[in-house]
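Here the structure is laid out as structure tokens; the discussion comes afterwards.
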Amino acid sequence: MKKLLKSILDDSKSLQERSFTLLFAFALSALFVMFVVGIFVEESIVDIAILGGGFVFFFLLAFFSIRYGKVKIGAPIAGLLIILVLLPVTFFTGGGIYGGSPIWFVFCILFVSLVVDGVIKYLLLGLSIVVATICYGIAYLHPETVTEHDVEAAYVDSYISLIIVCGMMSLMVGFEIWILNREKEKSDDKTREIEALNQAQSKFFSNMSHEIRTPINTIIGLNEMILRENASEEINEDAANIQAASKMLLHLINDILDMSKIESGQMELNKSPYRTGDMLSDVVSMLWIRAKEKNLEFHIDVSPELPTELFGDEVRIKQILINVLTNAIKYTNKGSVKLSIQCERDGNGQANVIYSVSDTGMGIKKESLPYLFTAFKRVDEDQNKYIEGTGLGLSIVKQFVDLMGGKITVSSIYTKGSTFLIEIPQAIVNDEHIGEIDMEKRRMGKEGHAYVKAFEAPEAKVLAVDDTAANLLVVKKLLRETKVILETVSSGEEALKRTAEEYYHVILMDHKMPGMDGVECLHAIRTQPGGYSQESKVVALTANAGADVEEFYAKEGFDGYLTKPISGKELEDALYKLLPTELVTVTEYGEKLAEESTAWMMSHKKKTLVKITTESVADLPPQILKRYNIGLIPHMVQTQDGLFRDGIEIETDGLLSYMEKEKGYAESKSPSEREYEEFFSRQLDEANNIVHLSISSRVTNSGCPRAIEAAINFGNVTVTDTWHLSSGQGLMAVEAARLAEKGMDRDAIAEKMNELKEHVHTSFIVDSLDYLANRRQISVRVARIANAFMIHPVVCLRNGKMGVSRVYFGTRERAWEKYVSTVFRVPGKIDRRMLFITYVGMTTKDLESVRAMAEKRCKFDEVYFQKASPSIATNCGPGTFGMLFFTEY
């Protein structure tokens, strides 16, 4: 029995063998039971003899089939004997339909289905149906052929057969389910193991790429400084060779990283408009030195009809051409290498660009062509063993071409040379013909042109953060001519110390640093209480490469990113676009850059499906507005000195000072209906639909009714009354933007917002009622009494209406503590993704104290300290803050 159980549970055996063993074990047991029952119920001698003989025969058949591994032969033989001999004989000798035989026909079907494979299985199943039909027909037409049972024997035989067959069927189905579950568990374990290996591999390649790019950044950056110096011709030539060799090394690193992404299914294309002439110039300038080193002729033939601008993944197309051309140069010892580019237009704004690379090299053997695009496989290894290479180049080319919907073909004659033909369909951005171009002049202009700075900005303050001293040195040298005020630190912690004391126009932030990394440092800067650089432009300096990098940094809130190694041009271009224009003195080159940048932005704007908009009183930080592309219309602030746009022409601290020191009057005003119409019209230049989240219609001077009226003129604008203001309204805008990112349509988003507004909690604790008295919302006498008794009211919004929910007595600190301790006691489960602490006129020390109180009560994934807009500040005054969050819905 132990051996039998071990055989059934042996994973090394096939499911068929294990099922055969289990079925035969129970079938033989059943036959033995039926044999014994037949004796007790006085079955016919023939029936008992057949049962006994069948038991012995099938026992021997099972023993030899299992013992000698002949289940594939034994199972069909057993099935055939059961169908043709055992079942018909027991049917006619065991009472026909008034015995247990019909039930055993069912067992026969199960047996054949589980233990027999292939065509034989279906033949036996068909045969069993035929035999059963014949047995039933003969018994019906010639009942005398059936040995009759008495009533008692019929019931006993039928009942026992039913119990045995049902038990066996239940057992077998359970066994099959158990086997399948075990196999699923193994498969899941294997899948997890493979995923873990893929993650480890991706992490390894990513780390390797990062570690290699860091020193290459130093080499290329400092080498660029040598090229700028206009030294002797020999030094310049050596420096140019170093530059080209470094870029080739970088190209090899990209190949390895891309192959790991392709294998793990993570490779994505990053399409954008690009200039065809500049792309080809980059490729040629990188490879002409290698051709020159081997004394090869390098010919370039570009069709004059090629469009000047196309839409595609420029980086991957470069990679394709560099890989194929590198191979051609590698395997050609004399003669030439030629790159030809042709273009076929389809009349629908699409072009099929055909790149042809021909060489006079050793060619490829016919039998090697099927393996040409296999990773890590090098054809004709004996002939090419002294030629360097990773064996990845052409495999990556094939993968990229397939991703782009193109095709690649190879023609080759061994010892005569090869031609690779690559076709890549791309959209046409600018159909102006490129015309006759001299790639040699382009290359010489690219390599030999003297350095010209794009701009000067002597008053601009830039902070560079990188844990590698060599990288900071490179940035410092590359920006030397721009005259920016550059400060450097080597960690995120040091950066926070600087931003707490100084404002920087642009921060260059390394991503991977020990301790606090660049992403954590960015979030800390954005939410730094009392920090001076919360709204600074931050550019990621990263050694990470890939199509998903841009999306990652944009979502994290960076204003841009640069991939190491960084060139001086890339660094200057990035600063030029981010620095305030009034600080920048533009050179002739910079003016050209500005024109190109503007043209780029105007020409390639793509509309989103749904854009979320709201008002300045929503109190959202700039990084959130940018991250979710939320449009903002400003409210107005009316004072004795005029009307000012909220947060643009007037800021909170200045307004509070005006109201305190000069006893000035200020009142918030919402935009007019016409202003809403103009705002919606501008926003629809960027999106097909608008969902506007408006301030509660039930508060004083609400713009919601005007926004609704303005939206009537637009069939694709929906205005939602949020029932909230300040960051409560802002929270709803953020959630709506998240839904828009997921692809939800305008009506569905509006419906969700109507559900969500009952789950948003907006409340503020007010330090003094003087400002409400100043706004004439309460009497001056009430304000004085409240101040005399040190009353601190908590103002909240319920169903869109503002009212006092409770009051606290005593010092402000004691009142704050009580407010924070009760604010999170709300119905429902708190959504811990985001908390806004929106404040007016509070010190850094006050804010840190409030943060500590909040963290004791409830932990949130993101906590934003947001200074209230001037329109909100006019109502409550300094010392006011609120905890704004929502519960799950």
Note on region 691-734: residues more than 14 Å from VAL617 (Cα to Cα), outside any loop (DSSP other than H, G, I, E, B) and modelled with pLDDT under 90 are GLU709, ALA710, ALA711, VAL717
Condition check for TYR771: touching a residue at least 24 places away in the same chain (Cβ under 8 Å) and over 19 Å from SER727 (Cβ atoms):
no
Looking at region 765-778, is at least one residue more than 30 Å from SER821 (Cα to Cα) and either basic (Lys, Arg) or open to solvent by less than 10 Å² (accessible area, probe 1.4 Å) (or both)?
yes
Can you tell me how many residues in region 849-875 are open to solvent by less than 40 Å² (accessible area, probe 1.4 Å), over 14 Å from GLY728 (Cβ atoms) and in a helix (DSSP H, G or I)?
7
Residue identified as out of contact with any Pro (no Cβ under 6 Å at 6 or more places or on another chain), at pLDDT 90 or above and under 19 Å from VAL71 (Cα atoms) among LEU127, LEU123:
LEU123
Limited to region 296-326, what total is found for residues that are closer than 15 Å to GLN342 by Cα and open to solvent by 10 Å² or more (accessible area, probe 1.4 Å)?
9
Can you list the helices (runs of 4 or more DSSP H) found entirely within region 742-848 that contain at least 2 residues being of a type outside the set (Gly, Ala, Ser) and farther than 22 Å from LEU656 by Cα?
746-756, 812-823
Out of (1) in contact with an Asp or Glu (Cβ under 8 Å, 6 or more places away or on another chain); (2) modelled with pLDDT of 80 or more, what's the single condition that is false for THR581?
(1)
Residue in region 434-453 that is at pLDDT 80 or above and either of a type in the set (D, E, K, R) or over 22 Å from LEU321 (Cα atoms) (or both) present:
no
Identify, please: which residue in region 273-295 is in contact (Cβ under 8 Å) with a residue 24 or more places away in the chain and open to solvent by 20 Å² or more (accessible area, probe 1.4 Å) and is, among those, nearest to ALA427 (Cα to Cα)?
ARG275
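Here is a yes/no grid of residues against (1) farther than 19 Å from VAL156 by Cα; (2) open to solvent by less than 30 Å² (accessible area, probe 1.4 Å):
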position: GLY69; (1), (2): yes, no
position: SER101; (1), (2): no, yes
position: VAL119; (1), (2): yes, no
position: SER128; (1), (2): yes, yes
position: ILE138; (1), (2): yes, no
Residues to consider are PHE64, PHE92; find the one that is open to solvent by 20 Å² or more (accessible area, probe 1.4 Å), of a type outside the set (Ser, Thr, Tyr) and modelled with pLDDT of 80 or more.
PHE92
Matching residues in region 810-843 - criterion: being more than 12 Å from MET883 (Cβ to Cβ) and open to solvent by less than 60 Å² (accessible area, probe 1.4 Å):
GLY810, ALA815, ASP831, VAL840, GLY841, MET842
Counting only residues that are in a strand (DSSP E or B) and closer than 18 Å to LEU769 by Cα, which one in region 629-669 is modelled with the highest pLDDT?
SER668
Those residues of region 503-527 which are in contact (Cβ under 8 Å) with a residue 40 or more places away in the chain and closer than 12 Å to ASP559 by Cβ amount to HIS505, VAL506, ILE507, LEU508, MET509, ARG526
Qualifying positions in region 118-172 - hydroxyl-bearing (Ser, Thr, Tyr) and assigned to a loop (DSSP other than H, G, I, E, B):
THR147
Do any residues in region 565-588 that are under 21 Å from ALA470 (Cα atoms) and among the acidic types (Asp, Glu) have Cβ atoms under 7 Å from those of residues that are open to solvent by less than 40 Å² (accessible area, probe 1.4 Å) and in a loop (DSSP other than H, G, I, E, B), where the two are at least six apart or on different chains, and which pairs are they?
GLU572/ALA454
TYR889 passes all but one of the listed conditions (1) outside any strand (DSSP E or B); (2) closer than 21 Å to MET753 by Cβ; (3) touching a strand residue (DSSP E or B) at 6+ places or on another chain (Cβ under 9 Å); the exception is number (3)
I'd like to verify a number: residues in region 843-889 that are touching a residue at least 60 places away in the same chain (Cβ under 8 Å) and over 30 Å from SER668 (Cα atoms), how many?
2
Name the residue that is farthest from PRO622 (Cα to Cα), counting only residues in region 533-582 that are part of a loop (DSSP other than H, G, I, E, B) and hydroxyl-bearing (Ser, Thr, Tyr).
SER567
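The values are calculated or read from the model by the stated rules, or taken from the named source; none is laboratory data. Bear in mind that the values here come from a model prediction, so they are computed numbers and not experimental data. Quick reminder, even Gly has a Cβ in these numbers, built from the backbone with ideal geometry, and neighbours come from all protein chains shown. Calculation scope for accessible area: heavy atoms of the full protein, side chains included, ligands and nucleic acids excluded. Shrake-Rupley method; radii C 1.70, N 1.55, O 1.52, S 1.80 Å.
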